[in-house]
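Below: the structure, in structure tokens.
The values are calculated or read from the model by the stated rules, or taken from the named source; none is laboratory data. Computed from a predicted model, the values in this text were never measured in an experiment. We place every Cβ from the backbone using ideal geometry, glycine too, and count neighbours over all the protein chains shown.
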Amino acid sequence: MSSWQFLDIHGYTSLVAFVFVLPLSIVVVSLGKRWELWPVAHIGLATTVVLLAIVSAAFAAVSRERHIDTVHGKVGTVLYALLVLEALVGLFISLKWTPERNKTPFRDKFHWWVGRLIPVISFGICFQGFFIAAWGIWAYAISVVMWFIWVLIYGTLAYMKVTRWSSESPTL
């Protein structure tokens, strides 16, 4: 296989991980208490993203094109480091979680905000990768449509959560 074929595989696995699976994992979290299996689904999807990212990084690393020396490679390395940190914090949260807690710990809030930052960074990196690899308009179109769908679903679920809270009467 040529170096460019390795980079194409890197691109396809990253596309699947960051444009399809990662946003779905976030939407599952947004469902929250509406679905009892959301933690299992979120952990399964997040694990899939991490595994695809590892495979993707491996294909980029074995390419002889010095992909890591580009801005795309350096920012991608930061993204992958954030992804691993996010996974470790998520694992720590799962191990430390208790239903008796009175307030949300910092680690949870950190996990939420890094979890929102990762898709934003990945969106830019994917577009940069499409440009570097000279992929056709199809890659941009699919990504934009998918991101629009994910933002619409996430926004709708967030809106419903806020509206439900504001319409519920306080219990004393």
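Considering each of V62, V120, V78, V84 in turn, give the residue that is under 16 Å from S3 (Cα atoms), β-branched (V, I, T) and either over 15 Å from the mean Cα position of the chain (by Cα) or exposed (fewer than 15 other Cβ atoms within 10 Å of the Cβ) (or both).
Criteria check complete, one pass: V62.
Here are some residues: I132, I149. Which one is over 21 Å from the mean Cα position of the chain (by Cα), at pLDDT 85 or above and in a helix (DSSP H, G or I)?
Result: I132 is the single residue among I132, I149 that is over 21 Å from the mean Cα position of the chain (by Cα), at pLDDT 85 or above and in a helix (DSSP H, G or I).
For region 84-116, how many residues are more than 22 Å from V27 (Cα to Cα) and in contact with a helix residue (DSSP H, G or I) (Cβ under 6 Å, 6 or more places away or on another chain)?
Going through region 84-116 one residue at a time, the tally reaches 0.
Name every residue in region 1-50 that is in contact (Cβ under 8 Å) with a residue 24 or more places away in the chain, under 21 Å from R116 (Cβ atoms) and of a type in the set (G, A, S), in order of residue number.
Once the filter is applied, which keeps residues that are in contact (Cβ under 8 Å) with a residue 24 or more places away in the chain, under 21 Å from R116 (Cβ atoms) and of a type in the set (G, A, S), region 1-50 yields S14, A17, S25, S30, G32, A46.
If a residue counts only when it is modelled with pLDDT of 95 or more, which helices (runs of 4 or more DSSP H) contained entirely in region 1-63 have at least 1 such residues?
3-15, 38-62
Please work out which residue is farthest from A139 (Cα to Cα), limiting yourself to region 10-20 and to residues that are among the aliphatic types (A, V, I, L, M) and buried (at least 18 other Cβ atoms within 10 Å of the Cβ).
A17
Could you go through region 22-45 and let me know if any residue there is touching a helix residue (DSSP H, G or I) at 6+ places or on another chain (Cβ under 9 Å) and within 17 Å of F127 (Cβ to Cβ).
yes
Residues checked against (1) over 21 Å from T48 (Cα atoms); (2) out of contact with any Lys or Arg (no Cβ under 7 Å at 6 or more places or on another chain); (3) surrounded by 11 or more Cβ atoms within 10 Å (Cβ to Cβ):
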| position | (1), (2), (3) |
| --- | --- |
| G90 | no, yes, yes |
| N102 | yes, yes, no |
| F127 | yes, yes, yes |
| A141 | yes, yes, no |
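Are there any pairs with C-beta distances below 7 angstrom linking a residue in region 125-149 that is under 18 Å from V78 (Cα atoms) to a residue that is surrounded by 12 or more Cβ atoms within 10 Å (Cβ to Cβ) and among the hydrophobic types (A, V, I, L, M, F, W, C), with the two at least 6 apart or on different chains, and if so which?
Short answer, once both residue conditions are applied: I125/V75; I125/L79; C126/L15; C126/F18; C126/V19.
Here is a list of conditions, (1) touching a helix residue (DSSP H, G or I) at 6+ places or on another chain (Cβ under 9 Å); (2) more than 28 Å from M160 (Cα to Cα), and A81 meets all of them except one; can you say which number that is?
So the condition that A81 fails would be (1).
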